[in-house]
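To start, the structure under review is shown below, and the notes come after it.
The values are calculated or read from the model by the stated rules, or taken from the named source; none is laboratory data. If you're wondering where the values come from, they're calculated on a predicted model, not measured in any experiment. Every residue, glycine among them, receives a Cβ derived from its backbone with ideal geometry; neighbour counts consider all protein chains shown.
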Amino acid sequence: MDLNYSAEELAFRDEVRAWLRTNVPADLQEKVATYAHLSKDDLVRWHRILAKKGWVAPAWPKEWGGTGWNVVQRYIFEEELGYCGSPPLIPFGLSMCAPVLLRFGTEAQKQRFLPRIYNGDDFWCQGYSEPGSGSDLASLKTKAVRDGDSYIVNGQKIWTTLAHYADWIFCLVRTDANAARRQEGISFLLIDMKTPGITVRPLILMDGAHEVNEVFFDDVRVPAENLVHEEGKGWTVAKYLLGYERMNTGRIGASKRELAALKKMSIERQNDDRFRDRLSRLEIELMALEITNLRFLDRMRRTGQPPGADVSMLKIKGTEIQQGLTELMMQAIDPVAQDEFSVAVRKRYLSMRKTTIYAGSNEIQRNIIAKMTLGL
Amino acid sequence: MNFDYSEEQQLLADSVRRFLQDRYGFEQRKAIVAGEGWSPQVWKQFAEMGILGLPLPADVGGFGGGAVDLMAVMEAFGEALVVEPVVPTLMAARLLGKHHRLLSSVAEGRTRLAFAHAEKGARYRPLVNTRYSSGTLNGEKCAVAGAPIADKLVVSARDGERIGLFLIDKAGLRGHSTLDGMLAADVVLTNTPAEPLEGDLSSIEEAIDFAAALGCAEAAGAMKFACDTTLEYLKTRKQFGVPIGTFQALQHRMVDMYISWEQARSMACLACSKIDNNTSAAERARAVSAAKIKIADAARHVSQEAVQLHGGMGMSEELKVSHAFRRLTVLAAEWGDADFHLERFASL
């Protein structure tokens, strides 16, 4: 057992770190550090810098632009991205739609979409949740009816992150209302956001930010060639994606950066033992999560097996820590301060409550572990 | 980076586990506790398997191993709730230095040791009032784990201004059993002849960190048992016509217990690896304190939930889970409770 990175892994980390030091635009880094709003241009600018370097989609196969890094190198890279305070890479194209296309897409679909995702030409969003279908996603009702070479889509999606920036949306839609199992009536469809009949309506969250939306589909005509995998196999696709999605949810690099910032801004507050102990416990939770995450990675590397259901605990602990950080930050700032940063910190606290709800609520994650890992 | 046990570590862990499964079942353990409180035969087996010599230097018959080498063994001890005082002997042996004449007989299982350090009112701080002068010790040491069956004791004492270490024959013991059924004793020292040893406060802190790290691994093992046995109970215990594990309220609590155990195990890995490999005493101490805090929180969480989810049966002396509860309660506070380590963690 050796918890330290090997010399090669350290050299890799240093290479990544050195490159990031000179290539993350300072203005974007500043925005991330101060929890300022990131525009679509900001997000796309950073995406393209990484694409140019060849590092925007490390996990993809090499022929589509992947780096060929192993799981540990990919983890180090992601951690360094978070640690240096670069803007987030929006996952909907890079690490959601693309893996689905790579696994289930036709050659034509791959040729058409993957290079544009890689280069940041298309901005993607995810059409899963509906007003009546949150945790119980398989109850979704948005309907797609085959009409010649097209599907006609009617219905509504909700909580659609950055739909107002998006060029494309990948959707779970119901193609068969009478399937024996309701999961079998679901299909995975790619829809151009410029298609007539699509309306995007902002949903303002309690921090006042416009991040999520409602998306309405009113007789939207979608070419049948935009169906991914077979009709009725959408649930298989979604489940595949779920496993793919969960490995990075710990967001450990970013939390380490925020912890360092919190420590720096709370030097005086740490004279209060009650605050200091809360801070220590949070730091220790993060240490434990990091090692747990490395243990899972090590297991993946050794067995060559995809992550098991127990990686759901990374999402649970990772998001609890992210929330804990925002809570302590709010307690670290002067309660009467109205400067820009202090206001942003309070809003951040509000905003981060979403983390234990999105991407499969933490209760759903517990259901997954209970069923898949513990056999309950 | 690599979390795998080496082939030797795995082989040892497997043989320890097999031995404990065959010879250290819950009923056998009960008989040991109700009898002498330890088993000489088991001790002999531990020596033969190489556990007692594992962290000792090769030239005294040891294997030159470290805390990581012992980790899998400690996890197995934790699962079986082993009562034989292996850690007290190994930590005291560590304080004897690398060349002491007693080490080979420790490795062979012929000499048992204990470390007499804690004093009344000191809690976990290194406050030492026992005094050494002119070849003898005077003072009182409290709750010395393993002392009743130790042949020799390593004692911390003040020699002028400095705190040093001394070796004595077993003397002046008032034995008792601890909350978790282990053997311990208060030690009254009255002009007790003592042999000065090398070492000072920093060696004491190192040995305590070593014992604490092993205790973390042992606690992780006891938590694994508590989780496994509770899961089994949820699947078999029926109420309202169904296994109680079908209730989501209980499923989520069970999941949280497993998460606590996994997180605790990660911190035990960190603590043991920083005992073997560190660039400074502060780095080692910080890792051990962090682990102790996490293990204290997790031990409390897992043990309390294990009893609660067992219902009345969890309270019963008849079930091993109540013994695991007691062991975890003691391990959580051994060599410093969470409050003590929070203070130390923040100071480093």
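Filter segment A:340-376 down to residues that are of a type in the set (S, T, N, Q) and within 14 Å of another protein chain (Cβ to nearest Cβ), then give me how many there are.
Residues flagged as of a type in the set (S, T, N, Q) and within 14 Å of another protein chain (Cβ to nearest Cβ) within segment A:340-376 amount to 6.
Tell me whether segment B:309-326 contains one or more residues that are at the interface with chain A (Cβ under 10 Å from one of its Cβ atoms), modelled with pLDDT of 95 or more and surrounded by fewer than 18 Cβ atoms within 10 Å (Cβ to Cβ).
no
Kindly check whether there is at least one residue in segment B:256-263 that is touching a Pro at 6+ places or on another chain (Cβ under 6 Å) and more than 30 Å from residue B:158 (Cβ to Cβ).
Within segment B:256-263, none of the residues are touching a Pro at 6+ places or on another chain (Cβ under 6 Å) and more than 30 Å from residue B:158 (Cβ to Cβ).
Working only within segment B:111-124, note down all residues that are without any contact (Cβ under 8 Å) to a residue 60 or more places away in the chain and not small (Gly, Ala, Ser).
Those that are without any contact (Cβ under 8 Å) to a residue 60 or more places away in the chain and not small (Gly, Ala, Ser): B:111, B:113, B:119, B:120.
For residue B:11, indicate whether it is outside any loop (DSSP other than H, G, I, E, B), within 25 Å of residue A:2 (Cβ to Cβ) and without any contact (Cβ under 8 Å) to a residue 60 or more places away in the chain.
yes
Go through (1) under 30 Å from residue A:71 (Cα atoms); (2) of a type outside the set (A, V, I, L, M); (3) touching a Lys or Arg at 6+ places or on another chain (Cβ under 7 Å); (4) assigned to a helix (DSSP H, G or I) for residue B:89 and report which single condition fails.
All conditions pass for residue B:89, except number (1).
Which residues, taken from segment A:166-183, are in contact with a Phe, Trp or Tyr (Cβ under 7 Å, 6 or more places away or on another chain) and surrounded by fewer than 20 Cβ atoms within 10 Å (Cβ to Cβ)?
Hits for segment A:166-183 are A:167, A:183.
Just wondering, is there one or more residues in segment B:201-224 that are surrounded by fewer than 15 Cβ atoms within 10 Å (Cβ to Cβ) and either away from chain A (no Cβ under 14 Å) or touching a His at 6+ places or on another chain (Cβ under 7 Å) (or both)?
yes
In this structure, does residue A:255 turn out to be farther than 21 Å from residue A:358 by Cβ, among the polar types (S, T, N, Q) and modelled with pLDDT of 95 or more?
no
Could you list, in sequence order, the residues of segment A:208-234 that are of a type in the set (Lys, Arg) and part of a strand (DSSP E or B)?
A:221
Only one of A:276, A:251, A:295, A:302 is under 26 Å from residue A:334 (Cβ atoms) and either surrounded by 17 or more Cβ atoms within 10 Å (Cβ to Cβ) or within 11 Å of chain B (Cβ to nearest Cβ) (or both). Can you tell me which?
A:276
Scan (1) touching a Lys or Arg at 6+ places or on another chain (Cβ under 9 Å); (2) away from every other protein chain (no Cβ under 14 Å) for the single condition residue A:269 breaks and write down its number.
(2)
Among the residues of segment A:120-143, is any part of a strand (DSSP E or B), touching a residue at least 40 places away in the same chain (Cβ under 8 Å) and either in contact with a His (Cβ under 7 Å, 6 or more places away or on another chain) or aliphatic (A, V, I, L, M) (or both)?
No, every residue in segment A:120-143 fails to be part of a strand (DSSP E or B), touching a residue at least 40 places away in the same chain (Cβ under 8 Å) and either in contact with a His (Cβ under 7 Å, 6 or more places away or on another chain) or aliphatic (A, V, I, L, M) (or both).
Mind telling me which of the residues A:48, A:13, A:21 ends up being crowded, with 16+ Cβ neighbours inside 10 Å, outside the structural domain of residue A:257 (by TED's automatic domain parsing) and at pLDDT 95 or above?
One residue alone meets the criteria, A:13.
Go through segment B:3-57 residue by residue and tally those that are surrounded by 15 or more Cβ atoms within 10 Å (Cβ to Cβ) and within 14 Å of chain A (Cβ to nearest Cβ).
Final tally of qualifying residues: 5.
Can you confirm whether residue A:81 is crowded, with 16+ Cβ neighbours inside 10 Å, assigned to a helix (DSSP H, G or I) and not hydroxyl-bearing (Ser, Thr, Tyr)?
So residue A:81 fits the description; yes.
Since residue A:105 meets every condition but one in (1) at pLDDT below 95; (2) touching a strand residue (DSSP E or B) at 6+ places or on another chain (Cβ under 8 Å); (3) of a type outside the set (A, V, I, L, M), which condition does it not meet?
So the condition that residue A:105 fails would be (1).
Among all residue pairs at least 6 apart or on different chains, which show Cβ distances below 7 Å where the first residue, located in segment B:26-54, is of a type in the set (Ser, Thr, Tyr) and the second is not in a loop (DSSP other than H, G, I, E, B)?
From segment B:26-54, the pairs are B:39/B:32.
Identify, please: which residue in segment B:118-142 is surrounded by 14 or more Cβ atoms within 10 Å (Cβ to Cβ) and of a type in the set (A, V, I, L, M, F, W, C) and is, among those, nearest to residue B:161 (Cα to Cα)?
B:128
For segment A:1-33, which positions are under 21 Å from residue A:74 (Cβ atoms), of a type in the set (D, E, K, R), in contact (Cβ under 8 Å) with a residue 24 or more places away in the chain and more than 14 Å from chain B (Cβ to nearest Cβ)?
Hits for segment A:1-33 are A:17, A:21.
In the list B:270, B:231, which residue meets the criterion of being of a type outside the set (Val, Ile, Thr), at the interface with chain A (Cβ under 9 Å from one of its Cβ atoms), within 20 Å of residue B:324 (Cα to Cα) and touching a residue at least 12 places away in the same chain (Cβ under 8 Å)?
B:231
Within segment A:247-266, does at least one residue satisfy the condition of being assigned to a helix (DSSP H, G or I), assigned by TED's automatic domain parsing to the domain that holds residue A:142, among the charged types (D, E, K, R) and over 26 Å from the mean Cα position of the chain (by Cα)?
Among the residues of segment A:247-266, not one is assigned to a helix (DSSP H, G or I), assigned by TED's automatic domain parsing to the domain that holds residue A:142, among the charged types (D, E, K, R) and over 26 Å from the mean Cα position of the chain (by Cα), which makes the answer no.
Restricting to segment B:274-299, give me the number of residues that are more than 18 Å from residue A:283 (Cβ to Cβ) and touching a helix residue (DSSP H, G or I) at 6+ places or on another chain (Cβ under 6 Å).
4
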